[in-house]
Amino acid sequence: MMWQIGDKLNDIPAYTSGCHAIGVTIPPLSWVDDLAIPVAVTDPAMLIPVVQEVITVLHDTFRTHGMTMNFEEGKSETVIMYRGAGAAKLRTALFDTERQPKIIVSTPSHILSMRVVATYRHLGARFMMDADIDYEIKLRMSMARQAFEELKRPLFLNHNIPLKGRLQLYNSLVVSRLMYGSAIWADVPRTAQLQLDSVVIDHQRRMAGIGFWNGAEMTDDEFRHHLEVSPFRVTWACNRLIYLQHVAQHAAPFHKTGLLLEFATSKGWLWEVATDIAWMSTLVELPFEFDFPNLQWQNIWDVLSTCTRWKASVRRAERKHVLQERIARDVQYYHGLIVQELVHFGLDVWKGDDLADPGGPQIWLCSL
């Protein structure tokens, strides 16, 4: 059925011209019994007519195989976003109505009506018509807070369980919900990253009993070093690096082509993953050559597709990062104590300023 649908879509001129315009043809996508048809056009005024033709193709193909499409709410729906000249006028005409926007298609046997929605949920993730990640992030934070509140008494705030065990349970039961789908996130605003970090750090402080409510003056960074836990940015980078191997092993050619087209614009998911690889390269040895930004992605994918230790290397890099940050914090702390002790006994400590008398006595510098 999918091959037949793909062939019929290629017979629609406006559909094929849109594929040529973006540089890659994305065929019908399926997951078990769900089907998605990505559609792009060169003129925003052509979008609704092309969607109508696509609906007709789906309806006819399904009927040929003895099936009927389900057009109920939450089942078969379309997410439409206009771009280009005249997009604002078309968007107003479609959405500025008192009733639910719908696309009506007349066939010889049926009158079909498909809802037009601003967001569609599939497998726990939200697809927004403007590709904005903020709504998905807010939803993830709400789910994480709910999961923590439901389990805080029997697990997370239960002092009969060692703190290390509670942190492991928290990662499994809460962080997994917060970070669900984060491996494919891109262009996440800085404010959203800070909000995600604050959710985790607040829960961890409550589990450890270290916070403003009991007079603790430990900063968030100091608290992470104390517990030896990763910040959100590091956890997110590890998720994306692990998913990179899945892309290398299982991604279809059109998926990789789309990623490379986006990478050529110096933005997007693959561009941000390159930054994650650069971070990882400072901690562990990579199984491939890394020359950012002149990366040979096909070579990287070829290596990762057969690399059996990639996931372990990513986790080792995360752990090494946490330990290095902890050691740096300890060195800085004890260095401050040493300087304080020297000043207390009347010694002058050079803090890196220019020497007033270059010909004066030799000064031994701290190696910190």
Looking at Thr265, Thr282, Thr235, Thr257 in this structure, which one is more than 17 Å from the chain's Cα centre (by Cα), of a type outside the set (A, V, I, L, M, F, W, C) and over 30 Å from Ile26 (Cα atoms)?
Thr282
Where a residue in the stretch 235-262 is touching a residue at least 24 places away in the same chain (Cβ under 8 Å) and its partner, wherever it lies, is basic (Lys, Arg) and in a helix (DSSP H, G or I), with Cβ under 8 Å and at least six apart:
Cys238/Arg315; Ile242/Lys311; Gln245/Lys311; Val247/Lys256
Residue that is nearest to the chain's Cα centre (by Cα) [pool: residues in the stretch 1-39 that are in a loop (DSSP other than H, G, I, E, B) and polar (S, T, N, Q)]
Thr25
Just to verify a result, which residue in the stretch 177-198, among those that are of a type outside the set (S, T, N, Q) and over 26 Å from His246 (Cβ atoms), is surrounded by the fewest Cβ atoms within 10 Å (Cβ to Cβ)?
Arg190
Give the stretch 31-67 a look and list any residue that's under 19 Å from Lys102 (Cα atoms), out of contact with any Ser or Thr (no Cβ under 7 Å at 6 or more places or on another chain) and not hydrophobic (A, V, I, L, M, F, W, C), or say none.
Pro38, Pro44, Pro49, Gln52, Glu53
Looking at the stretch 40-54, which of the residues that are β-branched (Val, Ile, Thr) and not in a helix (DSSP H, G or I) is farthest from Gly74 (Cα to Cα)?
Thr42
Taking the stretch 126-169 and keeping residues aliphatic (A, V, I, L, M) and either touching a Ser or Thr at 6+ places or on another chain (Cβ under 6 Å) or closer than 27 Å to Val57 by Cα (or both) leaves Met128, Met129, Ala131
For residues that are modelled with pLDDT of 90 or more and in contact with a Leu (Cβ under 9 Å, 6 or more places away or on another chain), tally how many sit in the stretch 65-75.
0
Pick from Arg329, Arg315: which is assigned to a helix (DSSP H, G or I), farther than 17 Å from His246 by Cα and among the charged types (D, E, K, R)?
Arg329
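The values are calculated or read from the model by the stated rules, or taken from the named source; none is laboratory data. Note that the coordinates shown come from a computational prediction; the quantities given were computed from them, not determined experimentally. Quick reminder, even Gly has a Cβ in these numbers, built from the backbone with ideal geometry, and neighbours come from all protein chains shown.
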